[in-house]
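To start, the structure itself, in structure tokens.
The values are calculated or read from the model by the stated rules, or taken from the named source; none is laboratory data. Note that the coordinates shown come from a computational prediction; the quantities given were computed from them, not determined experimentally. Because the Cβ atoms are built from the backbone with ideal geometry, glycine has one as well, and the counts that use them run over all protein chains shown. Side chains are part of the model used for accessible areas, which takes the heavy atoms of the whole protein and leaves out ligands, DNA and RNA. Shrake-Rupley method; radii C 1.70, N 1.55, O 1.52, S 1.80 Å.
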Amino acid sequence: MTKKLLIFDMDGTILYTLEDIVICMNVSLEKYGLPPIGMNDMKAHIGNGILSEVKYACRDAETETVQKVFTEFNKKYAEHCRDHTRPYDGIPETLQILRKRGYVLAVVSNKGDYAVQELCDQYFPDLFDFALGEKEGIRRKPAPDMCDACLNHFHMKKEEAVYIGDSEVDLQTAENSQLDCIVCAWGYRTLASLQEHGAKHIISEVKDLLQIFV
């Protein structure tokens, strides 16, 4: 069946967000007397959801402290999620071409929904027909709920959609959602890691999307 719906992850797939996440995380850690986390260390754990990322960054901190850092991070990130964030080269133009070719475009991300909506409005105005981030009432990836909500929104079958991401979380999300998956090698995981997690369809350049979805 011909694909009609392209569901994109956000962090590491369409947007480079690492610096803003790490800066806000370290400001939050410092406030509660915890050591900072390095860029590469954080990079390998982005995509699992904010609370999971905060727990990792807090290491062995007590639950109460983790919750305080979580609250502080969300506050800081809401204010600074656009400071250093940018689309990957070629992504906006590629999305525009895909829309002109008739594809329906969506974003499903474990980033907080407040940031997903703001970043879509800032960097991809009128390009996505559906955008959903982590929020109460719906299980985050790799549970299938977010992708299912997207499919239901457009009244589309699973066979009509493909999930595009950059991590093992996205691979598992696609599997749990029974969706085909394309993995981008320019994101936050190494090629070796993606292969170890069973990625079968890996693309190395943004322009490869235009060769797949003609």
> Can you tell me which residues in region 1-14 are over 12 Å from residue 128 (Cβ atoms) and part of a strand (DSSP E or B)?
Replying inline: 11
> Which one is nearest to residue 166 (Cα to Cα) among residues in region 6-35 that are of a type in the set (Ser, Thr, Tyr) and touching a helix residue (DSSP H, G or I) at 6+ places or on another chain (Cβ under 7 Å)?
Replying inline: 28
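If I filter region 17-45 down to residues being in a loop (DSSP other than H, G, I, E, B) and at pLDDT below 95, which single residue comes out as farthest from residue 73 (Cα to Cα)?
Per the stated criteria, the residue is 44.
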> Out of the residues in region 90-116 that are in contact with a strand residue (DSSP E or B) (Cβ under 9 Å, 6 or more places away or on another chain) and among the β-branched types (Val, Ile, Thr), which is farthest from residue 14 (Cα to Cα)?
Replying inline: 104
> In region 44-85, how many residues are of a type in the set (Gly, Ala, Ser) and under 21 Å from residue 132 (Cβ atoms)?
Replying inline: 4
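Could you look through region 56-69, keep only residues that are open to solvent by 50 Å² or more (accessible area, probe 1.4 Å) and part of a helix (DSSP H, G or I), and pick out the one that is farthest from residue 46 (Cα to Cα)?
Only one residue tops the list, namely 64.
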>> For region 155-214, give me the residue count where each residue is of a type in the set (Val, Ile, Thr), over 19 Å from residue 106 (Cβ atoms) and open to solvent by 70 Å² or more (accessible area, probe 1.4 Å).
In response: 2
> Could you say which residue among 9, 41 is charged (D, E, K, R) and buried (at least 23 other Cβ atoms within 10 Å of the Cβ)?
Replying inline: 9
> In region 105-129, how many residues are open to solvent by 30 Å² or more (accessible area, probe 1.4 Å) and outside any helix (DSSP H, G or I)?
Replying inline: 4
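Step by step: first the residues of region 133-154, then only those that are in contact with a strand residue (DSSP E or B) (Cβ under 8 Å, 6 or more places away or on another chain) and either among the aromatic types (Phe, Trp, Tyr) or open to solvent by 10 Å² or more (accessible area, probe 1.4 Å) (or both), then the one that is farthest from residue 74 (Cα to Cα). Which residue is that? Explain how you work it out, then say what you get.
Residues of region 133-154 in contact with a strand residue (DSSP E or B) (Cβ under 8 Å, 6 or more places away or on another chain): 133-135, 138, 140-141, 146-147, 149-151, 153-154.
Restricting the remaining residues to those that are either among the aromatic types (Phe, Trp, Tyr) or open to solvent by 10 Å² or more (accessible area, probe 1.4 Å) (or both) gives 134-135, 138, 140, 149, 153-154.
Working: 134: 12, 135: 12, 138: 18, 140: 17, 149: 24, 153: 27, 154: 30 Å.
My answer is 154.
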